[in-house]
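A.B. asks: The structure's right below; bear with me while I get my questions together.
The values are calculated or read from the model by the stated rules, or taken from the named source; none is laboratory data. Predicted, not measured: the structure shown is a model, and the values here were computed from it. Using ideal geometry, Cβ is built from the backbone for each residue, glycine included, and neighbour counts are taken over all protein chains shown.
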Amino acid sequence: MQEQISALKEEITARIDAAGDVAALEDVRVAALGKKGSVSELMKGLGRMSPEERKEMGPALNGLKAEVAEAIAARKETLEEAALDARLKSEKLDITLPVLDHASGSVHPISQVMDEIAEIFASLGFDVAEGPDLESDFHNFTALNIPPEHPARQDHDTFYLKPDANGDRKVLRTHTSPVQIRTMLKEEPPIRIIAPGRTYRSDSDATHTPMFHQVEGLVIDRDTHLGHLKGTLEAFLKAFFEVDAVTLRLRPSYFPFTEPSMEVDVQCSFEGGTVKIGDGNDWLEILGSGMVHQNVLEACNLDPNVYQGFAFGCGIDRLAMLKYGMSDLRAFFDADLRWLKHYGFRALDLPTIAGGLSR
Amino acid sequence: MKFTLSWLKDYLTTDASLEDILAKLNAIGLEVEGVENPADALAPFKVAQIISAEPHPDADKLQVCKVSDGASEMQIVCGAPNARTGIKVVLGQPGDYVPGLDFTLGKAKIRGVESSGMMCSYRELELGDDHDGIIELPDDAQVGQSFVDYAKLDEPMIEIAITPNRQDCLGVYGIARDLAAAGMGTLKALSDVKVAGSYKSDVTVALNLPEDRRGDCPLFVGRKFTGVKNGPSPKWMQARLKAIGLRPISALVDITNYVSYDLGRPLHVYDAHKLDGSLQARIAKEGESFLALDGKTYTCNGGETVIADDRNVLGFGGIIGGEDSGCTPETTDVVLECALFDRVKTAMTGREHGINTDARYRFERGVDSQFVHQGMEIATQLILDLCGGEPSEAFEAGAVPDWNHTVPFRSERVKTLGGVDLRGETSVAILERLGFTVSGSDPYTVHVPSWRVDVEGEADIVEEVLRIHGYDNIPSVQLSATDHKAGTTLSARQKQARATKRRLAAVGMHEAVTWSFMKRENAVLFGGGDERLVVDNPISSELDCMRPSVLPNLIEAAGRNADRGAPSVALFEVGGIYRDDSDKGQLLVATGIRAGDAVERHWESTSRKVSVFDAKRDALAALEAALAPTANLQAFDEAPDYYHPGRSGTLRLGPKNILASFGELHPRVLKALDVDGPVVGFEVYLDAIPAPRKSGAAKGALNVSNLQSVERDFAFLLSRDAKAGDLIRAVRGADKAFISDVRIFDLYEGKGVPDDMRSVALTVTLEPKGETFADKDIEAIASKVIAAAEKAVGATLRG
């Protein structure tokens, strides 16, 4: 009997080793361990044996069964590995082929810069206010201390709509300053707002377009003074241009809606044809500002003996040009795909104080 | 405002360098726009002398000259008729740049004769128009001397920008006063000459103004001169006028221009022989006209303040005089006018008639009302000095307006408004240097000088103090921290707009910013062109109407890109459109277009053109970003008529509230815009989206079943007119408790399907609740689905 077991084991082992693929191996398994398999048949003989024989042969037969099963499993794994290797070998692709890109569009530099400005002023406690592009004469001029005969009206190159039945005509706002008026008429101080938006003047060359963008700033409370204006502008420009420090030059100037008024220059260099903000020997005029004029406060029903504050206005397109190096303003509005792709920003480039403003 | 350094020094005693003066001008608010010095261009030119002049052997009109500059001799061929032995000339040598010819000299052969250099004319050196011959210098010119030194051309011309409030600096004297106050030197006193007339003028003046218009011309002072000689003005005056860009005309005219720039005091002179009777200021009648000094004839609208004689209007007061009463070289008797005109009236009349003159510029900004008599006396003396003649006694009408303007001044305001901690005495000293007088103690009473019509209130006084003390001294102070809540900087709508932009960029579209106005014809194509939205004074007829839609701008941009070789574009803009001219008529719209290929030719896929469904997908992406309830929107196949009628629609919340429109653009519209199709587009009306309801940051608990969901497919036959959207809505509503999703995975029309029908294959996702589905549960839901599809759109299950 022992000899029989040994011979069978030898025979089955040989057949396992000879199985060339998983299907052949399965045939071997069925022939040995299946219901009518050679090992199973031997096992069936156990029942007819005496207890002594069974005691001896039982473990031997079970050992055979286990060894055969183990050998089949081992062989199966080897065969499967080989089959996988063969398949992988046949599945080679040219991975240098270019793929279809994920669609990627862009955000216009004006939107990006507006988002940057909002982010900076959010950290200083400002809200973003808005007003309509088609303004009344009152909001655009009169309430800003620019009466009809004022020479400043001529400096504005104003676009007008046709007069209505009453002879009143709307203007295409020449600055974002009317949003100051709308805000002061609507809200109680303390006020801290910025107001970015479209503005219009009849002018056209490389740095002037009939439509452009400004951002207005307004702070009204009881004790804000010119020093706060300077500090705020420094903080803004330093953050916007992402430099360690900025040096400002304040020059006395005139705007009908502020008194005292000042123009603000920022120190820069023009080396190599590019503007670098933050150091250098040149000055770049960057915005106009001042303390809100008493007449403006009064036009907004605020008592100038109680309230005061500052206002400033700055060209957004100009800020974008200075920061990102565009030279021609007209290209901002031409929707040339090449320009948009070059100067635009990715959808995910949302400026944050933590993550940085520019890409 | 332009002036030369030496002119400034007529009134300012100073050792300061040009650089220091320029820096100080900037610091006190007189912004330097430019500095030019003619000496810079002419530095190499020298005084030389012609030693001999012989005829050119081969040219009748040329001479061969030997010229000496003291150090060496050179041969120069010259064509000037006045070139002759002995005269002193201005010499340019090889290598020197001649500005009037825009040319650098070299050695040349002229008709075979060597010539090294050039003797220059005034025009060649841009010193005048004279080109009749070369410059002949007087004997006092030293051979070898620099021509710039000899001719005293080293004279910097400074141009400054004057803000509209600073009329006091529209005269050189005012600039000197400001600089002196700022520590740049000492101001010299003006002449207080008083000329005694020797006779009474036969010409006088009357102010024939109605009571309520007296202010138009409150004072008119005049004087007659007989026997004047109106030749050219002297060289020094001509040089100064030329340096600031004015053309010398004649002594009398030059004097009026000179005084205007010197003292900010406009004047006018009339030829007395051309006056019919006396002068008067009066209100113009409609239709009266005169030929003005600018050569144009102006016809009065009626109501202007004019100066007239007994018969005719002579000119607009304070703006422009008349040609027919003006001075000529033959003039011998003149009348000088020194008057005051109202600021507003001057501005209005000037604007009405489109006249810009130095006089208007000054009067509309407010000429010093207390400087009429002195101004007239100074002008009188100038006329006598330069033209001779016999002056009359002065005549006048009206009176010097009262000037007693005081402002209360609390010195602490320099600190509390200006941020600079200055002692009261320091502020007072600054004000006094500027010509203000200060009385009382803190709060002071500040008496404003008559030339500072711009100073109205305490804030102006603070500005004056700060301006002279130096804005550089303003400290940098941070605003106090506030309890500003995070996330409140932007309004809900601003957040929607921002998210929409980022979303559309993320789906591959490029953001454009285009004009808010467009050609009216284009506006009309897109439902606009309303008379109320037409720009009255457009910069061009291409930009004369506020836009009713951004689509035409983007479509035209697509056309421009196609012309540049990029026919496939995806552009969007989030910006205003204008329904009317009211505040509410401006709507914020996200607009986008796609043109050309939606998928370009590529080995991985097949290419296809853009379709209406690309636009619909974009619109839904924008709506979702703007937090619109996209699941509740219904698509309607009615859309604005600039879209293709069969390939467009609107997305609505309920039957009325249109949140978006989308579609293929109408071929006729594309043709009108001269752009090749197909172009698809969408407009999302951000204002129409209801404000999202938000009660907090928490999103609510997530309820998910552990039981596996089940999918069942259905193929329905339905009429081609039936809407897939209606089918989906009906199926989804068939059993709301269990049906979680319905998708169309196949559409088929053609063989095997009746002609007017199509097959729509759906997959319905069923979500079990509580326990898994038994077969009979699924059968029951399927029956409901079939019944609902039948009821809603007449669909039958395909066999």
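A.B. asks: Could you check B:L153 against (1) more than 17 Å from B:F3 (Cα to Cα); (2) touching a Phe, Trp or Tyr at 6+ places or on another chain (Cβ under 9 Å); (3) in a loop (DSSP other than H, G, I, E, B) and say which number it fails?
C.D. replies: (1)
A.B. asks: If we scan the stretch B:368-376, do we find a residue that is outside any helix (DSSP H, G or I), surrounded by fewer than 19 Cβ atoms within 10 Å (Cβ to Cβ) and under 37 Å from the mean Cα position of the chain (by Cα)?
C.D. replies: Yes, the conditions are met somewhere in the stretch B:368-376.
A.B. asks: In addition: Within the stretch B:523-608, considering only strands (runs of 3 or more DSSP E) that don't extend past its boundaries, which have at least 1 residues that are among the aromatic types (F, W, Y) and under 30 Å from A:V99 (Cβ atoms)?
C.D. replies: Ranges flagged: B:569-578.
A.B. asks: If A:F121 meets every condition in (1) more than 9 Å from chain B (Cβ to nearest Cβ); (2) outside any loop (DSSP other than H, G, I, E, B); (3) farther than 21 Å from B:V534 by Cα apart from one, which number is that one?
C.D. replies: (1)
A.B. asks: Out of (1) within 26 Å of B:E124 (Cα to Cα); (2) buried (at least 17 other Cβ atoms within 10 Å of the Cβ); (3) in contact with a Gly (Cβ under 6 Å, 6 or more places away or on another chain), the odd one out for B:K61 is which?
C.D. replies: Unmet for B:K61, out of (1) within 26 Å of B:E124 (Cα to Cα); (2) buried (at least 17 other Cβ atoms within 10 Å of the Cβ); (3) in contact with a Gly (Cβ under 6 Å, 6 or more places away or on another chain): (2).
A.B. asks: Take the residues in the stretch A:1-58 that are under 60 Å from the mean Cα position of the chain (by Cα) and in a helix (DSSP H, G or I); name whichever of them is farthest from A:A82 (Cα to Cα).
C.D. replies: A:E26
A.B. asks: Another question, then. Taking A:D164 as the residue in question, decide whether it is without any contact (Cβ under 8 Å) to a residue 12 or more places away in the chain, in contact with a Lys or Arg (Cβ under 8 Å, 6 or more places away or on another chain) and either within 24 Å of B:M518 (Cβ to Cβ) or of a type in the set (S, T, N, Q) (or both).
C.D. replies: Taking the combined requirement at face value, the residue satisfies it.
A.B. asks: Within the stretch B:229-241, can one find any residue that is assigned to a loop (DSSP other than H, G, I, E, B), in contact with a strand residue (DSSP E or B) (Cβ under 6 Å, 6 or more places away or on another chain) and either among the hydroxyl-bearing types (S, T, Y) or surrounded by fewer than 16 Cβ atoms within 10 Å (Cβ to Cβ) (or both)?
C.D. replies: no
A.B. asks: Can you tell me how many residues in the stretch A:242-286 are buried (at least 21 other Cβ atoms within 10 Å of the Cβ) and not in a strand (DSSP E or B)?
C.D. replies: Final tally of qualifying residues: 3.
Listed here are the residues, each with its yes/no results for (1) within 30 Å of A:D328 (Cβ to Cβ); (2) under 33 Å from the mean Cα position of the chain (by Cα); (3) in a strand (DSSP E or B).
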{"position": "A:R182", "(1), (2), (3)": "no, yes, no"}
{"position": "A:P196", "(1), (2), (3)": "yes, yes, yes"}
{"position": "A:S202", "(1), (2), (3)": "yes, no, no"}
{"position": "A:L229", "(1), (2), (3)": "no, yes, no"}
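A.B. asks: Pairs please, first residue from the stretch B:408-422 and within 8 Å of another protein chain (Cβ to nearest Cβ), second anywhere and β-branched (V, I, T) and assigned to a loop (DSSP other than H, G, I, E, B), Cβ atoms under 9 Å, 6+ apart in sequence or on different chains.
C.D. replies: Listed pairs, sorted by first residue: B:G418/B:I474; B:G419/B:I474; B:G419/B:V477; B:V420/B:I474.
A.B. asks: Would you list the strands (runs of 3 or more DSSP E) that sit entirely within the stretch B:1-109 and hold 3 or more residues that are more than 23 Å from B:Q142 (Cα to Cα)?
C.D. replies: Hits in the stretch B:1-109: B:2-4, B:31-36, B:46-56, B:59-68.
A.B. asks: Taking only pairs six or more apart or across chains, which ones have beta-carbon atoms under 9 Å, a first residue in the stretch B:471-500 that is closer than 23 Å to A:P252 by Cβ and in contact (Cβ under 8 Å) with a residue 12 or more places away in the chain, and a second residue that is crowded, with 16+ Cβ neighbours inside 10 Å and of a type in the set (D, E)?
C.D. replies: Nothing qualifies.
A.B. asks: Something else: Residues of the stretch B:473-496 being more than 7 Å from chain A (Cβ to nearest Cβ) and either buried (at least 22 other Cβ atoms within 10 Å of the Cβ) or of a type in the set (D, E) (or both), which ones?
C.D. replies: Result: B:D483, B:Q496.
A.B. asks: For the stretch B:284-312, name all the residues that are of a type outside the set (D, E) and in a loop (DSSP other than H, G, I, E, B).
C.D. replies: B:A284, B:K285, B:G287, B:L293, B:G295, B:K296, B:C300, B:N301, B:G302, B:G303, B:R311, B:N312
A.B. asks: Right, here's the next one. Would it be correct to say that B:K345 is without any contact (Cβ under 8 Å) to a residue 12 or more places away in the chain and either surrounded by fewer than 22 Cβ atoms within 10 Å (Cβ to Cβ) or under 26 Å from B:S450 (Cβ atoms) (or both)?
C.D. replies: no
A.B. asks: Which count do you get for residues in the stretch B:647-694 that are basic (K, R) and at pLDDT 95 or above?
C.D. replies: Total meeting the criteria: 4.
A.B. asks: In the stretch B:724-738, which residues are assigned to a loop (DSSP other than H, G, I, E, B) and surrounded by 15 or more Cβ atoms within 10 Å (Cβ to Cβ)?
C.D. replies: Once the filter is applied, which keeps residues that are assigned to a loop (DSSP other than H, G, I, E, B) and surrounded by 15 or more Cβ atoms within 10 Å (Cβ to Cβ), the stretch B:724-738 yields B:D735, B:F738.
A.B. asks: Could you run through the stretch B:635-676 and say how many residues are surrounded by 17 or more Cβ atoms within 10 Å (Cβ to Cβ), touching a His at 6+ places or on another chain (Cβ under 9 Å) and in a loop (DSSP other than H, G, I, E, B)?
C.D. replies: 2
A.B. asks: Scan B:S605, B:S611 and give me the residue that is touching a strand residue (DSSP E or B) at 6+ places or on another chain (Cβ under 7 Å), surrounded by fewer than 18 Cβ atoms within 10 Å (Cβ to Cβ) and facing another protein chain (nearest Cβ under 8 Å).
C.D. replies: The match here is B:S605.
A.B. asks: Could you tell me which residue of the stretch B:497-523 is surrounded by the fewest Cβ atoms within 10 Å (Cβ to Cβ), considering only residues that are of a type outside the set (K, R), more than 7 Å from every other protein chain (Cβ to nearest Cβ) and under 11 Å from B:A621 (Cα atoms)?
C.D. replies: Out of the qualifying residues, it is B:A499.
A.B. asks: Kindly indicate whether B:E73 is under 27 Å from B:E36 (Cβ atoms) and either in contact with a strand residue (DSSP E or B) (Cβ under 7 Å, 6 or more places away or on another chain) or hydroxyl-bearing (S, T, Y) (or both).
C.D. replies: Spelling it out, it is not the case that B:E73 is under 27 Å from B:E36 (Cβ atoms) and either in contact with a strand residue (DSSP E or B) (Cβ under 7 Å, 6 or more places away or on another chain) or hydroxyl-bearing (S, T, Y) (or both).
A.B. asks: Inspect all residues belonging to the stretch A:62-80 and state whether any of them is within 14 Å of chain B (Cβ to nearest Cβ) and more than 22 Å from A:T352 (Cα to Cα).
C.D. replies: no
A.B. asks: Being of a type outside the set (K, R), under 28 Å from B:L8 (Cα atoms) and free of Cβ contacts under 8 Å to residues at least 40 places away in the same chain narrows it down to one of B:A176, B:A181, B:A189, so name that one.
C.D. replies: B:A189
A.B. asks: Looking only at the stretch A:308-332, how many residues end up being surrounded by fewer than 20 Cβ atoms within 10 Å (Cβ to Cβ), assigned to a helix (DSSP H, G or I) and within 13 Å of another protein chain (Cβ to nearest Cβ)?
C.D. replies: 3
A.B. asks: Looking only at the stretch A:187-229, count every residue that is surrounded by 20 or more Cβ atoms within 10 Å (Cβ to Cβ) and either aromatic (F, W, Y) or under 10 Å from A:G309 (Cα atoms) (or both) and tell me the total.
C.D. replies: 12
A.B. asks: Restricting to the stretch B:451-471, and then to whatever is acidic (D, E) and at the interface with chain A (Cβ under 7 Å from one of its Cβ atoms), can you tell me which residue is surrounded by the fewest Cβ atoms within 10 Å (Cβ to Cβ)?
C.D. replies: Going through the qualifying residues, I end up with B:D460.
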